[in-house]
Amino acid sequence: MDFSLPAPGEKLGKDRVAFLDAFRRSGRRAIVKMTTAAQSGHPGGSLSVLDFLSVLYAFRVSETDEKVVISNGHTSPATYAVLAECGAFGREEVIEGFRQYESNFEGHVTRHVPGIHYGTGPLGVGISAACGFALGEKLDKTNRRVWCTLGDGEMQEGQVHEAALFAAQHKLNNLTVFVDWNHVQISGTIQKVCSIDVPEFFKSKGWKVIEVNGHNPEQIWKAMNAPCKRGRPLAIVGRTIMGHGVPGMEEDGKVLNPKWHGKAASPEEAKKMLAHEKMQVSVAEKKVLEAFRTARKWNPVPNRVVKHLTQNPAIKTGNPILYPAEKLTDCRSAYGAALLDLAKHNKQIIAGSADLSGSVKTDGVEKELPSQYVEFGVCEQNMISAAGGLSLAPCQKDQCTCWVPFVSTFGAFMTSRAKDQARVNDLNETNVKMVSTHCGLSVGEDGPTHQAIDDLGSFAGFFHTHLLEPADPNHCDRLIRFVASHEGNFYVRMGRHKIPVLTHEDGSVFFDEAYKYKYGRCDLLRSGKKVTIVASGPCVSEALAARENLKNSEDVEIVIASSVKQFDDVLRKSVEKTGRVLTVEDHNPAVGLGSAVARWMVENNLSVKKFEMLGVKKYQLSGKPADLYRAAGIDAAGIGKALGKFA
């Protein structure tokens, strides 16, 4: 047996294939043992993809340490088994810990395990993350290969279609996807559930496609090393058998019976399987496997996880832009200007949008710094997952360790269509800056399908994503610079229409050059005695107008909330002083600012005499923002009417 690395263009040969036979048998035993011990998991698909992973890791990744994304994340037993065979951790450790409480070896692949670069589970997400990793390598001029495994049933997900288009459009010839074409998914055969021609799927999108016997190491190796010309990504379509190599499972796979897709063998069945002569690993083979691990010395380092909200010293925030008091503009334009300035100072900042660069104002970067702009097309799900992969991809520019992607679209699309993708990024603790424009009734004439009034609620339950909303263009500029320079996922929402620059009572700019933002900061815009208005976004200027229309304006205090997830002592002191609170937002208060303030007050033992929430409490029609604000009661007149109840 031979585990030496083949020379470029060299076949594996008989002795290396013999080594792989032992390697794979040991892996099959581990898959059966770990799923049986857990009495859960997906042994069938793990066994059908095992042979590809064995060739990939034994003769490539254990030497190159290239990125691998397991998009079909339920095949974690195969991935863990192969990593263990390569020496990343002990075989018994994963067998005993698989799917067990307080073990890193979760049911689906996870970044908690060294050697796994992006955790997956929801199907379709991983191939997009792999696109992000491959794009990062391209941008960094390394062109290192990125590998991805994909299930054939998984290809029914629309996101796979999006990712395949993106990879071809951006000529990611450093991306190779292996499709486990075993024709079986959990409900039956591919043909019965939702038929798909796997090779044609990729060919139609401009990929290079090579079909192989997915259990033949020599064919797999040859395909892995095939040159990809004209910038085409490579799809290796492996004809495989679910449960391959394990007597008692393989027979069902051959007749396309999905029995072992998500079912573990019973202890009695496993004992019989493990005792079969085809499953044995000799003493001599075990010694060779141990010699392989010693010789490779591959020890994947734990994944980099930076504490969220810590400052990234490599990011130069530049000088804030000051919008004068007489300037009437929108926050999205302020976002675009700040982003362009940041991108000029930081080559690791990448801007992207989903066919909306002019609307979301990323077009400044697109025009002036095209090498730092990525167009994703009308593919929001792929955009968010690819940004997740990109944010974890190494970057050697300006002493920064990773890329910092800003991706933008309308709020209705970001938080509804791509919520699943943002959630998986949250689990992976990525560093994606999601900025949505056209949020709330501010979008106006586009109507209720585009009026994102529940977007904060979509992301509020995420543990590693921080939510922000600017109150005017100057505030927006400062928030965007903070987001760029601090670690973690962020979601920043803003409207479409132009709003006034906020000022102090003497007319000077409120968010001036000296203003320093920190997460959760609340700002006292106006002092008052009897009632606190907590407002966010465009509703701050409406609240200010309402206050100025009152005879006793000094009774009303206005506090600007920048985030629904964190409040500070400015708000606490105001609530304690007035004992009366009115929240105002261009959002559904049941899942936005109003409910967040109410919960915060209860958690902090703050009692009030009166509390009311103003916001968007039903779907509105098309119309000018001013008309829609009036209809929802969140304009100056509506706020003034509500204040009348506090007298």
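Before we move on, is residue 559 modelled with pLDDT of 95 or more and closer than 19 Å to residue 638 by Cα?
Values: modelled with pLDDT of 95 or more: yes; closer than 19 Å to residue 638 by Cα: yes.
Yes, satisfied.
Just the residues that are part of a helix (DSSP H, G or I), within 20 Å of residue 431 (Cβ to Cβ) and hydroxyl-bearing (Ser, Thr, Tyr), please, taken from segment 327-360.
Residue satisfying the conditions is 335 alone.
Those residues that are free of Cβ contacts under 8 Å to residues at least 24 places away in the same chain and part of a strand (DSSP E or B), I need them from segment 186-202; list them, please.
Quick first cut of segment 186-202, residues free of Cβ contacts under 8 Å to residues at least 24 places away in the same chain only: 191-192, 195, 197, 200.
The answer is none; no residue qualifies.
Using the structure shown, decide if residue 68 is assigned to a helix (DSSP H, G or I), surrounded by 24 or more Cβ atoms within 10 Å (Cβ to Cβ) and of a type in the set (A, V, I, L, M, F, W, C).
On the way: assigned to a helix (DSSP H, G or I): no; surrounded by 24 or more Cβ atoms within 10 Å (Cβ to Cβ): yes; of a type in the set (A, V, I, L, M, F, W, C): yes.
Judged against the criteria, residue 68 is not a match.
Which one is farthest from residue 645 (Cα to Cα) among residues in segment 575-600 that are small (Gly, Ala, Ser) and touching a Gly at 6+ places or on another chain (Cβ under 8 Å)? Even if it seems obvious, please write down each step before you answer.
Residues of segment 575-600 small (Gly, Ala, Ser): 579, 590, 592, 594-596, 598.
Applying the additional criterion that residues be touching a Gly at 6+ places or on another chain (Cβ under 8 Å) yields 590, 592, 594.
Working: 590: 21, 592: 22, 594: 17 Å.
The selected residue is 592.
Would you check if residue 178 is more than 23 Å from residue 404 (Cα to Cα), buried (at least 24 other Cβ atoms within 10 Å of the Cβ), touching a Phe, Trp or Tyr at 6+ places or on another chain (Cβ under 8 Å) and not acidic (Asp, Glu)? Let's see the steps before the verdict.
Values: more than 23 Å from residue 404 (Cα to Cα): yes; buried (at least 24 other Cβ atoms within 10 Å of the Cβ): yes; touching a Phe, Trp or Tyr at 6+ places or on another chain (Cβ under 8 Å): yes; not acidic (Asp, Glu): yes.
Spelling it out, residue 178 is indeed more than 23 Å from residue 404 (Cα to Cα), buried (at least 24 other Cβ atoms within 10 Å of the Cβ), touching a Phe, Trp or Tyr at 6+ places or on another chain (Cβ under 8 Å) and not acidic (Asp, Glu).
Would you please name the residue that is nearest to the chain's Cα centre (by Cα), looking only at residues in segment 534-562 that are part of a loop (DSSP other than H, G, I, E, B) and buried (at least 24 other Cβ atoms within 10 Å of the Cβ)?
562
Is one or more of the residues making up segment 570-586 over 35 Å from the mean Cα position of the chain (by Cα), part of a helix (DSSP H, G or I) and of a type in the set (Asp, Glu)?
Yes, there is a match, as at least one residue in segment 570-586 is over 35 Å from the mean Cα position of the chain (by Cα), part of a helix (DSSP H, G or I) and of a type in the set (Asp, Glu).
Considering every residue within segment 93-105, establish whether at least one is within 19 Å of residue 278 (Cα to Cα) and buried (at least 23 other Cβ atoms within 10 Å of the Cβ). Before you say what the answer is, go through the steps one by one.
Residues of segment 93-105 that are within 19 Å of residue 278 (Cα to Cα), as a first pass: none.
Within segment 93-105, not a single residue is within 19 Å of residue 278 (Cα to Cα) and buried (at least 23 other Cβ atoms within 10 Å of the Cβ).
Residues of segment 71-92 being of a type outside the set (Ser, Thr, Tyr), assigned to a helix (DSSP H, G or I) and surrounded by 24 or more Cβ atoms within 10 Å (Cβ to Cβ), which ones? Steps first, answer last, please.
Initial filter on segment 71-92 (of a type outside the set (Ser, Thr, Tyr)): 72-74, 77-78, 81-92.
Applying the additional criterion that residues be assigned to a helix (DSSP H, G or I) yields 73-74, 77-78, 81-85, 91-92.
Correct list: 73, 77, 78, 81, 82, 83.
Please indicate, with yes or no, whether at least one residue in segment 97-118 is acidic (Asp, Glu) and modelled with pLDDT under 95.
Yes - at least one qualifying residue is present in segment 97-118.
Restrict the check to segment 636-646 and report whether at least one residue is touching a residue at least 40 places away in the same chain (Cβ under 8 Å), among the aromatic types (Phe, Trp, Tyr), under 24 Å from residue 475 (Cβ atoms) and outside any helix (DSSP H, G or I).
So far as segment 636-646 goes, no, none of its residues is touching a residue at least 40 places away in the same chain (Cβ under 8 Å), among the aromatic types (Phe, Trp, Tyr), under 24 Å from residue 475 (Cβ atoms) and outside any helix (DSSP H, G or I).
When the residues of segment 125-145 are filtered to those that are in a loop (DSSP other than H, G, I, E, B) and in contact with a strand residue (DSSP E or B) (Cβ under 9 Å, 6 or more places away or on another chain), which remaining residue is modelled with the lowest pLDDT?
Filtering first and then ranking leaves 142.
Is it true that residue 15 is part of a helix (DSSP H, G or I), surrounded by fewer than 23 Cβ atoms within 10 Å (Cβ to Cβ) and over 27 Å from the mean Cα position of the chain (by Cα)? Step through it out loud before you land on a result.
Details: part of a helix (DSSP H, G or I): yes; surrounded by fewer than 23 Cβ atoms within 10 Å (Cβ to Cβ): yes; over 27 Å from the mean Cα position of the chain (by Cα): yes.
Criteria met by residue 15.
Could you please give the count of residues in segment 609-635 that are buried (at least 16 other Cβ atoms within 10 Å of the Cβ) and either small (Gly, Ala, Ser) or in contact (Cβ under 8 Å) with a residue 12 or more places away in the chain (or both)?
Total satisfying the criteria: 15.
Hey, among 310, 317, which residue is buried (at least 17 other Cβ atoms within 10 Å of the Cβ) and within 30 Å of residue 514 (Cβ to Cβ)?
Numbers: 310 fails: buried (at least 17 other Cβ atoms within 10 Å of the Cβ).
Testing whether each residue is buried (at least 17 other Cβ atoms within 10 Å of the Cβ) and within 30 Å of residue 514 (Cβ to Cβ) leaves just 317.
Could you tell me which residue of segment 501-533 is surrounded by the fewest Cβ atoms within 10 Å (Cβ to Cβ), considering only residues that are assigned to a strand (DSSP E or B) and among the hydrophobic types (A, V, I, L, M, F, W, C)? Show your work before the answer.
Our first condition is that a residue be assigned to a strand (DSSP E or B); within segment 501-533, this holds for 503, 509, 522-526, 531-533.
Next, from what is left, pick out any that are among the hydrophobic types (A, V, I, L, M, F, W, C): 509, 522, 524-525, 531, 533.
Working: 509: 18, 522: 20, 524: 15, 525: 22, 531: 25, 533: 31.
By that ranking, first place goes to 524.
Within the bounds of segment 315-326, is there any residue that is outside any loop (DSSP other than H, G, I, E, B), β-branched (Val, Ile, Thr) and at pLDDT 95 or above?
Initially, segment 315-326 is screened for residues outside any loop (DSSP other than H, G, I, E, B), giving none.
Among the residues of segment 315-326, not one is outside any loop (DSSP other than H, G, I, E, B), β-branched (Val, Ile, Thr) and at pLDDT 95 or above, which makes the answer no.
Please verify whether segment 195-207 includes one or more residues that are within 28 Å of residue 11 (Cα to Cα), crowded, with 17+ Cβ neighbours inside 10 Å and among the charged types (D, E, K, R).
Looking through segment 195-207, none of the residues is within 28 Å of residue 11 (Cα to Cα), crowded, with 17+ Cβ neighbours inside 10 Å and among the charged types (D, E, K, R).
Mind telling me which of the residues 222, 205, 229 ends up being touching a helix residue (DSSP H, G or I) at 6+ places or on another chain (Cβ under 9 Å) and not in a strand (DSSP E or B)?
On the way: 222 fails: touching a helix residue (DSSP H, G or I) at 6+ places or on another chain (Cβ under 9 Å); 229 fails: touching a helix residue (DSSP H, G or I) at 6+ places or on another chain (Cβ under 9 Å).
Being touching a helix residue (DSSP H, G or I) at 6+ places or on another chain (Cβ under 9 Å) and not in a strand (DSSP E or B) holds for just one of 222, 205, 229, which is 205.
What number of residues in segment 361-393 are in a helix (DSSP H, G or I) and within 18 Å of the chain's Cα centre (by Cα)?
Keep residues of segment 361-393 that are in a helix (DSSP H, G or I), which gives 363-368, 370-372, 380-392.
Applying the additional criterion that residues be within 18 Å of the chain's Cα centre (by Cα) yields 380-392.
Number of matching residues: 13.
In segment 250-269, what residues are farther than 16 Å from residue 185 by Cβ and buried (at least 17 other Cβ atoms within 10 Å of the Cβ)?
Hits for segment 250-269 are 250, 264, 265.
Kindly evaluate residue 281 against the criterion of being of a type in the set (Val, Ile, Thr) and touching a helix residue (DSSP H, G or I) at 6+ places or on another chain (Cβ under 8 Å).
On the way: of a type in the set (Val, Ile, Thr): yes; touching a helix residue (DSSP H, G or I) at 6+ places or on another chain (Cβ under 8 Å): yes.
For residue 281, the condition - of a type in the set (Val, Ile, Thr) and touching a helix residue (DSSP H, G or I) at 6+ places or on another chain (Cβ under 8 Å) - is met.
Could you grab the pairs with beta carbons closer than 8 Å, sequence gap of 6+ or different chains, first residue in segment 295-319 and aromatic (Phe, Trp, Tyr), second one surrounded by 14 or more Cβ atoms within 10 Å (Cβ to Cβ) and assigned to a loop (DSSP other than H, G, I, E, B)?
298/65; 298/86; 298/87; 298/88
Anything in segment 610-645 that is touching a Ser or Thr at 6+ places or on another chain (Cβ under 9 Å) and not aliphatic (A, V, I, L, M)? List them, or say none.
611, 612, 615, 625, 629
Per-residue answers, yes or no, for (1) of a type in the set (Ser, Thr, Tyr); (2) closer than 24 Å to residue 641 by Cβ; (3) modelled with pLDDT under 95:
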position	(1), (2), (3)
513	no, no, yes
525	no, yes, no
534	no, yes, no
545	no, yes, no
553	yes, yes, yes
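The values are calculated or read from the model by the stated rules, or taken from the named source; none is laboratory data. The structure displayed is predicted, hence computed values, not measured ones. A quick note on method: Cβ atoms are made from the backbone with ideal geometry, for glycine too, and the neighbour counts reach across all protein chains shown.
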